[in-house]
Amino acid sequence: MSISTAPVAKTDPTSATPGPSGRAAIRTARMRQWWLAAALVFPAVALAVTFKFVPLGRGVATSLESSSGFDGTSFAGADNYTRMLDDPMVLTSFRNALLVVATLPVWVVLPLVLALLIHQRTPGWKLFRAVYFIPYTIAPIVVGIMFRQILAPEGPLNAGLRAVGLDPLATEWLNGRYSALFSLVAVALWSFFGLGVMTYLAGLATIPGEVLEAAYLDGAGFWRRLVSVVVPMLRPTVAYWTVLCASGVLIWLFPLIYALTQGGPGDATMLPEYLVFLTTFQFLDRGYGSAIGVALFVFVALISVFSVRHMFKEGTRKA
């Protein structure tokens, strides 16, 4: 007696069309996920709207007004913006801003070199890892007061140069037409680059040690490894740090300017952010100060957009 068995068709439960109750369950699950996502995103969106977009909109509106002192305001249209085109102080401040942006390669490369030295366990690397980050933890206004003493004509820096026979290099660092701006940038770099070192160290931790070791065994020196191995593998990190510095050097220098030079000598260290402060709070011209602030926002946004687009293209090309 033989028993014949017919093949049983196998069905994929995931391909079956859900019934009305199944579709309702799917919609309920999706709605639950949507509300959970909205609840998680809402605090960040609320903070951004309250403290970013609303002040920005108010600043743009104020830039279209004419005001003097504590008197009332009147609509001025684009007068404040056309006034900037004929204001030599505004033009000088943006020229100085371009000079500061020109130092960006130093801000990007120097922390990368130091991070690679620390990553390779250079003698004393643990000490240097802590020492490089300490300046970032000091308030910028304190850094400015400290370096105002160090860079004084009779301060420790000039005294040290004279002690080792380098008298020609001793100068009035904060009183020179050209030395003042680059002294300001150097102090800002000293205060800020520790964050860059930590950022690059985090990126270097993602590179397999075998890659750097193989390059070393193949005879690649330090600079060859940096250019041919580290930089190509850290393109996203380098791009991120470049974007951060490109905007930071133009909007984070106010405490240092206030403590070190207050825009002087003359207009040598006058940058747009400090000019906004002077125009709005010293000369009480809120409309014109807001217009300068909006122009600074556009200036920084253009630099940041260019950097972000370059970063996106690099990431896409790498992918």
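The values are calculated or read from the model by the stated rules, or taken from the named source; none is laboratory data. Owing to the predicted nature of the structure, the values given are computational and were not obtained by experimental measurement. Every residue, glycine among them, receives a Cβ derived from its backbone with ideal geometry; neighbour counts consider all protein chains shown. With ligands, DNA and RNA removed, areas are computed over all heavy atoms of the protein, side chains included. Shrake-Rupley method; radii C 1.70, N 1.55, O 1.52, S 1.80 Å.
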* Asked: Can you list the HN-Hα couplings for segment 73-79, worked out from phi with the Karplus curve (6.51, -1.76, 1.60; θ = phi - 60°), rounded to whole Hz and with x for Gly and Pro?
  -> 10, 9, 6, 10, x, 8, 4
* Pairs of Cα atoms under 8 Å, at least six residues apart: use those to get the relative contact order of segment 130-272, whole percent. => 34 percent
* Structure fact -> Of Leu116, Leu98, ordered by accessible area with the largest first and a 1.4 Å probe, the sequence is Leu98, Leu116
* For the chain, what's the relative contact order in percent, using C-alpha pairs closer than 8 Å and at least 6 residues apart? -> 26 percent
* At a 1.4 Å probe, what is the % contribution of carbon and sulfur to the accessible area of segment 234-299? -> 68 percent
* Asked: For the chain, what is the mean residue ellipticity at 222 nm derived from helices alone (per DSSP H run of n ≥ 4: -39500 (n - 2.57); sum divided by total residues; nearest 500 deg cm²/dmol)?
  -> -21000 deg cm²/dmol
* To do: Determine one quarter of the surface area of the Cα convex hull of segment 168-319, which equals its mean projected area, and express it in nm² to one decimal.
  => 12.5 nm²
* **Average accessible area per residue (Å²) across segment 127-239 - probe 1.4 Å, nucleic acids and ligands excluded** => 55 Å²
* Starting with the highest mean, order 181-190, 100-109 by the number of other Cβ atoms within 10 Å, averaged over the residues of each peptide. => 181-190, 100-109
* Structure fact -> The set of residues whose placed amide H lies less than 5 Å from the amide H of Glu65, leaving out same-chain residues fewer than 5 positions away, is Ala76
* Computed label-point distance, nm, for sites Thr50 and Arg235 using a 7 Å Cα→Cβ extension -> 4.1 nm
* Extension gain from Leu98 to Val211, taking 0.36 nm per residue of separation minus the Cα-Cα distance -> 36.8 nm
* FRET efficiency, Phe128 to Ala24 (Cβ-Cβ, R0 45 Å, nearest 0.05) -> 0.15
* Structure fact -> By the DSSP-based rule, helices of the chain that are at least 27 Å long along the axis (C-alpha) and have a mean Kyte score of at least 0.5 are 20-48, 179-204, 286-318
* Taking the convex hull of Cα positions in segment 139-219, its mean projected area over all directions (nm²) -> 8.7 nm²
* To do: Would you mind getting me the FRET efficiency between Gln149 and Leu169? Use the beta-carbon distance for r and R0 = 30 Å, nearest 0.05.
  => 0.95
* **Around Ala215: net Lys/Arg minus Asp/Glu count, Cβ-Cβ under 13 Å** => -1
* Structure fact -> For segment 53-190, the Cα gyration tensor yields equivalent-ellipsoid semi-axes (√(5λ), largest first, whole Å) of 40, 23, 15
* To do: Taking 7 Å along the Cα-to-C-beta vector as the label spot, tell me the Trp35-Ser228 distance in nanometres, rounded to one decimal.
  => 6.0 nm
* Asked: Calculated from the structure, volume of the Cα convex hull per residue in Å³ equals which of (1) 120; (2) 279; (3) 132?
  -> (2)
